Amino acid sequence: MSLSALCFAQYDQKAMYNCYLSQNKNLWKQYVTTADWRNMDNQERQRLLNYEYGYIAYAISVKEKNVKQLLENFNKHLNEMEGKMPESTRLTYLSAAASYYISVSKITILSNGPKTFSYSEKAVKLDPQNPYALTLRGSIYFYCPSAFGGDKQLALEHLLKAEEQFKHTGDTVYNWNYRSVQMVIAQCYEKTGNKQKAIDKCRSILREEPEFAYIRDSYLPELLGQKPHDDNNPQNMGASFVSGFSK
């Protein structure tokens, strides 16, 4: 069996997806910290980038000691993939990386703040139907204060379109990105004054994925005015991709 086949076998898509639902970070951490970039083919590299994109947001939220190295690797990998993957998706990741740098060091906001917005804007303009680009653009509008360009209504429009595109392309099976955008849609409903819509969205998600721990144990109980079932369960792997602006 080749190294590529071994990699896919060890980090099965379903297993990684279930880790997202259960908020178990261990398999994701093992994957992004031990993956052999040099021996990966193009497809595997793109897959790794998506998990780096998601895991670094979590690593920042729990203040992992190696987060700077993870971010440096992510940025290096993105630079190497120029011309080797859809540019809209690469720009989306570059936008996220810029926001992560702000989270790590607030003093970089003057340089990385504009990058976060410009890369994301270019990603959507390059491919207006890219659900990954739409998700991040919506997340930026959602999590950023209005003084930095935040707009909850624009956020909702982008997030709903992203969800629609995931469904249209059939890219919903074992896809943590799809579940993440649904979660942010629920949060966006809440923040725009549609609490009942947020509750309905959470219940809809749980009908499809009853094991989505953050929504089941924390967010939906909070919306219903109940005590969360897991007080120590932060959003972690379902957290904002633009946490640099939301702290």
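The values are calculated or read from the model by the stated rules, or taken from the named source; none is laboratory data. Not measured: the values here are computed from a predicted model. Glycine also receives a Cβ, built like all others from the backbone with ideal geometry; neighbour counts cover every protein chain displayed. Ligands, DNA and RNA are stripped out before the accessible areas are found, and what is left, the full protein with its side chains, is counted by its heavy atoms. Shrake-Rupley method; radii C 1.70, N 1.55, O 1.52, S 1.80 Å.
Take 50-59, 14-23 and order them by the average number of nearby Cβ atoms within 10 Å per residue, most first; the result is 50-59, 14-23.
Dipole magnitude for the chain: about 460 debye, using +1 per Lys or Arg Cβ and -1 per Asp or Glu Cβ, origin at the Cα centre. For SER146 and THR33, a Förster radius of 35 Å and the Cβ-Cβ distance give a FRET efficiency of 0.40, rounded to the nearest 0.05. As a ratio to 2.2 N^0.38 Å, the alpha-carbon radius of gyration for segment 50-181 is 1.01. Model label points for LEU110 and ASP41, set 7 angstrom from Cα along the Cα-to-Cβ axis, are 4.8 nm apart.
Of the residues PRO228, HIS77, PRO128, the one whose Cα sits farthest towards the positive end of the charge dipole of segment 77-233 is PRO128 (charges of +1 on Lys and Arg Cβ, -1 on Asp and Glu Cβ, taken about the Cα centre). Each Lys and Arg adds +1 at its Cβ and each Asp and Glu adds -1 at its Cβ; summed about the Cα centre, segment 183-230 shows a dipole of about 240 debye. Each other residue within a Cβ distance under 12 Å of LEU206 adds +1 if Lys or Arg and -1 if Asp or Glu, for a net charge of 0. Solvent exposure of segment 1-107 amounts to 46 Å² per residue of accessible area, where only protein heavy atoms count and the probe is 1.4 Å. As a ratio to 2.2 N^0.38 Å, the alpha-carbon radius of gyration for the chain is 0.96. Take every pair of alpha-carbon atoms less than 8 Å apart whose residues are at least six positions apart; their mean separation over the length of the chain yields a relative contact order of 22 percent. Quick one: pull the percent of accessible area on segment 2-132 belonging to carbon and sulfur, 1.4 Å probe, ligands and nucleic acids left out. So the carbon and sulfur contribution to the accessible surface is 53 percent. In this label model, GLU72 and MET85 are separated by 2.0 nm, measuring between points 7 Å along each Cα→Cβ vector.
Ordering GLN30, GLY54, ASN66 by the projection of their Cα atoms onto the charge dipole of segment 24-66, which places +1 on the Cβ of Lys and Arg and -1 on the Cβ of Asp and Glu, puts ASN66 at the extreme positive end. So what's the gap between the Cα centers of segment 15-94 and segment 123-146, to the nearest angstrom? Cα centroid to Cα centroid, the span is 19 Å.
Evaluate the charge dipole of segment 116-226 about its Cα centre and quote only its size in Debye, nearest 20, assuming +1 on the Cβ of each Lys and Arg and -1 on the Cβ of each Asp and Glu.
My answer is approximately 180 debye.
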